[in-house]
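The values are calculated or read from the model by the stated rules, or taken from the named source; none is laboratory data. Model, not experiment: these values are computed from the prediction. All Cβ positions, glycine included, derive from the backbone under ideal geometry; neighbour counts span all protein chains shown.
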Amino acid sequence: MHGKVIKSTGSWYIVLDAEGRQWECRLRGKIRLDGLRSTNPVAVGDNVVFEQEPGKATGVIKQIDPRNNVIVRKSVNLSKASHIIASNVDLAIVVATVALPRTSTGFIDRFLVTAEAYHIPAALVFNKCDLYGEAEQQDAETLMACYNGLGYTSFAVSAKTGEGLDRLQDLMQGKICLFAGHSGVGKSALVNALDPSLNVRIGAISDVHNKGKHTTTFAEMHRLSFGAWIVDTPGIREFALYDMETETLAQRFPEMRSLMSQCRFANCTHTHEPGCAVKQAVEDHAIAEWRYANYLRMYNNEDWSYGTDD
Ligand SMILES: Nc1nc2c(ncn2[C@@H]2O[C@H](COP(=O)(O)OP(=O)(O)OP(=O)(O)O)[C@@H](O)[C@H]2O)c(=O)[nH]1
Ligand SMILES: [Mg+2]
Ligand SMILES: [Zn+2]
């Protein structure tokens, strides 16, 4: 039988078959892997071949279909291994907010770089816009204007008031989408707001640290009644880049990609070289200074161990 993995806890998987039945499946024996050293061989979004266990209501996964793409991050404990957050994603949506707690651009940019590396279209929503005062509104608008200019659709939403949800539905229609972001930004609340029949568990924000409480513990795919799929993921503290090469990093920044050929040196790293078109563009304010600063941080591998974000 064929099905799609919609939930995984690491030791068992929920597989949805073509008739809409859900099967609790396990892995047995060897599974062909595609060269990724990951801590989880089967990920949410995988299309799999499985067999019913004789006389039982459970199944065994036999094979994983080739993946169109994966969203990967470095495993927290095993620095050499990767963790596949989800596979076969059509649109990755960063859920950010400038209120309670503000999402850093470092986090956003690391996520976007990863999406670029796997050629997955990405968008951003700034949630909790019902809480924004004048300063936060201004802050969000500046960020959204920049990201829109780079080709990442960005707009404000509120899971609480419903603002922006029509637009979000239009964006997601017919696609397998993924929500990523820190704990407490409202990923699960947005899933519920998009389809109130789902009733996904949401958590409180801690009073002391203004952080979420890691309410969602495993990635899970939900079918939305208007015709889309959403992978709701656990909040991530840090999005450590997996296997990113410094030589190709600039290509993951759309605003640098288009300028690089004008640098004096073909192997310009855009960090210190004379005649660098990227540095010139930063000086001319054609490239946002903070985007360039995030590039340098990623280039120097300074991006994840300090935990300033969260
Ligand atoms: N005012 C306001 N509060 C919101 C909004 N969206 C979510 N919240 C609140 O933020 C808190 C966290 O929401 P969740 O949906 O659990 O956040 P999450 O991103 O799924 O968090 P994790 O599952 O821990 O990663 C809850 O108390 C929500 O009620 C919003 O648009 N406006
Ligand atoms: Mg959640
Ligand atoms: Zn350069």
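A few remarks follow.
- Checked against the criterion of being crowded, with 17+ Cβ neighbours inside 10 Å and over 23 Å from His222 (Cα atoms), the range 160-181 has no qualifying residue.
- Count of the range 113-132 residues which are closer than 20 Å to Met256 by Cα, touching a Lys or Arg at 6+ places or on another chain (Cβ under 6 Å) and at pLDDT 95 or above: 0
- When restricted to residues that are within 16 Å of ligand 2 (Cβ to nearest atom) and either in a loop (DSSP other than H, G, I, E, B) or among the aliphatic types (A, V, I, L, M) (or both), the range 159-195 contains 16.
- Every pair of residues 6+ apart whose Cβ atoms lie under 7 Å, when the first sits in the range 171-187 and is in the same structural domain as Phe226 (by TED's automatic domain parsing) and β-branched (Val, Ile, Thr) while the second is at pLDDT 95 or above and in a strand (DSSP E or B): Ile176/Trp229; Val185/Val95; Val185/Ala96
- Test: residue in the range 124-146 that is within 16 Å of ligand 2 (Cβ to nearest atom), without any contact (Cβ under 8 Å) to a residue 40 or more places away in the chain and over 18 Å from the mean Cα position of the chain (by Cα): no
- When Ala266, Ala277 are screened for being within 8 Å of ligand 3 (Cβ to nearest atom) and either modelled with pLDDT of 95 or more or surrounded by fewer than 21 Cβ atoms within 10 Å (Cβ to Cβ) (or both), only Ala277 passes.
- Residue match in the range 197-217 (condition: at pLDDT 95 or above, crowded, with 16+ Cβ neighbours inside 10 Å and not hydroxyl-bearing (Ser, Thr, Tyr)): no
- Set Tyr147, Tyr152: member being within 30 Å of Phe253 (Cβ to Cβ), assigned to a helix (DSSP H, G or I), in contact with a strand residue (DSSP E or B) (Cβ under 8 Å, 6 or more places away or on another chain) and more than 12 Å from ligand 1 (Cβ to nearest atom): Tyr147
- Only listed residue being within 16 Å of ligand 1 (Cβ to nearest atom), in a strand (DSSP E or B) and within 30 Å of Tyr295 (Cα to Cα), chosen from Ile236, Ile230: Ile230
- Any chance Thr217 is within 13 Å of ligand 2 (Cβ to nearest atom) and part of a loop (DSSP other than H, G, I, E, B): yes
- When Phe226, Phe253 are checked against the criterion of being within 14 Å of ligand 3 (Cβ to nearest atom) and at pLDDT 95 or above, Phe253 stands alone in meeting it.
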